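Below is one structure; the comments refer to it alone.
The values are calculated or read from the model by the stated rules, or taken from the named source; none is laboratory data. Computed from a prediction, not measured in an experiment: that's the story for all the values here. Positions of Cβ are generated from backbone atoms using ideal geometry, with glycine treated the same way; all protein chains shown enter the neighbour counts.
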Amino acid sequence: MKRLVLAGSVGLALACASVSGLATGGPVGEANGAVVGQETTSTLLDGVFTSAQARRGRRVYSENCASCHGAELKGGEMAPGIAGSDFMVFWTELPVGAMFERIKVSMPEDGPGRLTDEEYTDVVAYILDANSYPAGDTELPADKAELDKIMIVAAE
Ligand code: HEC
């Protein structure tokens, strides 16, 4: 992924969109480009979830994700890790809404879409917490359009 990072945000957005199967028809590049260029209003460094939300997400994770991704999010025989710099670099410069949607349409792998939007949002908060992003005073909204306004950037 290193080479793609150097290719710049639009290239990365396009590459990631196709790699992670986000293409739901229509001009993905343009859609992502618009998000990247104009609509984002905050980043993951602004404290976009709360500790309480991450704790709720931890419960959702234990019940629905840990069996494959491991209690420490490090992955295992069944699934890749979803913590650490390799994982987050993959998402850098994409909106949180893209991660939310990707998880919602494909996870848990044994029953995609079976959680509520709130549960998916809480689990995203937990993944961000586990990846050392700062908690803040407002919860991540369970709304893809709102999540699309928050940009994923590298942790400090
Ligand atoms: C039955 C096993 C299983 C369960 C349960 C499961 N996953 Fe996965 N997950 C996988 C496998 C296998 C992959 C890799 C294939 C793929 O990307 O679809 C994956 C991929 C992912 C990815 C993308 C990783 C990457 O590097 O691109 C994320 C994010 C993810 N899972 C999150 C979750 C979350 C959150 C849950 C719980 C709501 C969950 N998964 C539950 C098996 C599972």
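The selection criterion, being under 18 Å from ARG56 (Cα atoms) and either modelled with pLDDT under 95 or out of contact with any Phe, Trp or Tyr (no Cβ under 9 Å at 6 or more places or on another chain) (or both), does not hold for LEU128.
Checking segment 76-91 against the condition returns a match, with at least one residue being closer than 19 Å to GLU39 by Cα and touching a residue at least 24 places away in the same chain (Cβ under 8 Å).
On the stretch given as segment 51-77, residues that are within 20 Å of LEU115 (Cα to Cα) and not in a helix (DSSP H, G or I) total 4. Would a scan of segment 43-55 turn up a residue that is more than 20 Å from LYS144 (Cα to Cα), within 16 Å of the ligand (Cβ to nearest atom) and either touching a helix residue (DSSP H, G or I) at 6+ places or on another chain (Cβ under 8 Å) or modelled with pLDDT of 75 or more (or both)? Yes, there is a match, as at least one residue in segment 43-55 is more than 20 Å from LYS144 (Cα to Cα), within 16 Å of the ligand (Cβ to nearest atom) and either touching a helix residue (DSSP H, G or I) at 6+ places or on another chain (Cβ under 8 Å) or modelled with pLDDT of 75 or more (or both).
For every residue, the table says whether it meets (1) part of a loop (DSSP other than H, G, I, E, B); (2) within 12 Å of the ligand (Cβ to nearest atom); (3) in contact with a strand residue (DSSP E or B) (Cβ under 9 Å, 6 or more places away or on another chain); (4) among the hydroxyl-bearing types (Ser, Thr, Tyr).
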{"site": "GLY81", "(1), (2), (3), (4)": "yes, yes, no, no"}
{"site": "ASP86", "(1), (2), (3), (4)": "no, yes, no, no"}
{"site": "VAL89", "(1), (2), (3), (4)": "no, yes, no, no"}
{"site": "ALA98", "(1), (2), (3), (4)": "no, yes, no, no"}
{"site": "GLU101", "(1), (2), (3), (4)": "no, yes, no, no"}
{"site": "GLU109", "(1), (2), (3), (4)": "yes, yes, no, no"}
{"site": "TYR120", "(1), (2), (3), (4)": "no, yes, no, yes"}
{"site": "TYR126", "(1), (2), (3), (4)": "no, yes, no, yes"}
{"site": "SER132", "(1), (2), (3), (4)": "yes, no, no, yes"}
